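Worksheet for the structure shown next.
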Ligand code: ATP
Ligand code: MG
């Protein structure tokens, strides 16, 4: 007997039963992003490994430990993308999109070889945004407003916004010295990663998930105290703009991000409902990345949200997972006419989702399948109805008696309810 094959650990199937919930989130996200004039970009899932090393940074969890990197049969060093920003920037440079500001969004799977647990997978999915060519802080406020609008549309409350500024490269270099002094004084309390990063990339220590380091991190000097005039003004204007927009936030002077390319604004939307995997959306400015990857000097800001974590939070109980109607047909004339009537209903009722029974069977067994499909209505066709040009309509959920309607009257009713749902 052969072994049964299984999906790779940390990589999950989205079954038909659950995909309406994904679509619910994706559809709302798309309409919010389009309401701000953002357009979708689709890039390959596989890129040269060098792209991620040069953007995310060599001394980061992603590049050091998590990337699915491999050599293909031609000897090229490739990687499954662990995130979307590097690819968007690569594509924008490659296709000469940088002569005007770009507001881009993307969605799709990302790959990181982390320890699988709730909210942390090896293939996970993000929806993200990248704005190229605008220095902010007005556009920083725009992208944050956009996320807030999405939470509202999805009925998500209980997310809090944390904010920090990482300053520019010079400011970070001065901060780095102060941080190293602090961390070195507590070197005995660092873990192996922390001690190593003390010399390679000390800011990374602040992003450690190890609870033993929490106190050393909490008492570390604040980045905000090391900002120069311009970075300070950018941050103050950002805060004032958020205040004016009625967006509440808390400033977390130890918030850094797991990727090296960020500068100035960084932010995270966090929930307490998902334990350690509480960040559902994260982003910030990356003004140096475009030139670092060979493009012209271009300021940029963006964010990415984790779809699995958001789906864990939103109340999807009201999302329809079944079709609008299920058509059952009994008798020879009815079965002969059923497919034609189904086509006519789909022609005349825009957006109608109609499941037509296939495979015959008794009235009882067809009805059972109609019930199980999750449909709102059963449409019932027997030979009498076909002769009279009518159809039986029975609500499968909620109250309501079975009625017999002329086909035209049914079409009018279905159009009306679809119209109200759209
Ligand atoms: P974390 O600190 O939780 O590891 P991160 O800083 O590595 O997150 P980003 O690279 O900023 O995450 O990705 C943005 C968002 O994508 C995260 O806030 C999270 O919602 C989601 N995400 C990141 N990694 C995973 C994963 N392995 N599984 C599921 N979602 C993830
Ligand atoms: Mg991570």
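We did not get these values from a lab; they are worked out from the coordinates using the rules stated. Since the structure is predicted, the reported quantities are computational estimates derived from the model, not experimental observations. All Cβ positions, even for glycine, are placed from backbone atoms using ideal geometry, and neighbour counts span all protein chains on display.
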Sequence-separation-based contact order of segment 325-421, relative, with Cα cut under 8 Å and 6+ spacing, percent: 32
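What full-extension length gain, to one decimal in nm, is calculated for residue 292 and residue 35 as 0.36 nm per residue of separation minus the Cα-Cα distance?
Computed gain between residue 292 and residue 35 is 89.4 nm.
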Find the relative contact order for the chain and round it to a whole percent, using C-alpha pairs within less than 8 Å whose residues are 6+ positions apart. 15
Calculated on alpha-carbon atoms, Rg and Dmax of the chain in Å: 27.1, 90
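Quick one: divide the alpha-carbon radius of gyration of segment 325-421 by 2.2 N^0.38 Å and tell me what you get. Don't skip to the answer; put the middle values down first.
Values: Rg = 12.3 Å, N = 97, 2.2 N^0.38 = 12.5 Å.
Against the compact-globule rule of thumb, the ratio is 0.98.
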Length gained if residue 383 through residue 348 is fully extended, taking 0.36 nm per residue and subtracting the Cα-Cα distance, is 10.3 nm
Expressed as an acute angle from 0 to 90° and rounded to the nearest 10, what is the orientation of the C-alpha long axis of helix 229-244 relative to the principal long axis of the chain? 30
Rounding to the nearest 10 and keeping the result within 0 to 90°, find how far the Cα-based axis of helix 169-185 lies from the longest principal axis of the chain. 80
To the nearest 0.05, what FRET efficiency results for residue 232 and residue 117 with a Förster distance of 45 Å applied to their C-beta separation? 0.70
7 Å from Cα along Cα→Cβ at both residue 199 and residue 65: what's the point-to-point distance in nm? 2.0
Sort out for me the Cα centre separation of segment 120-185 from segment 78-107, rounded to whole Å. 18
Quick check: Cα centre of segment 31-45 to Cα centre of segment 280-326, how many Å? 10
For segment 26-129, take N as its residue count and report Rg(C-alpha) divided by 2.2 N^0.38 Å. 1.16
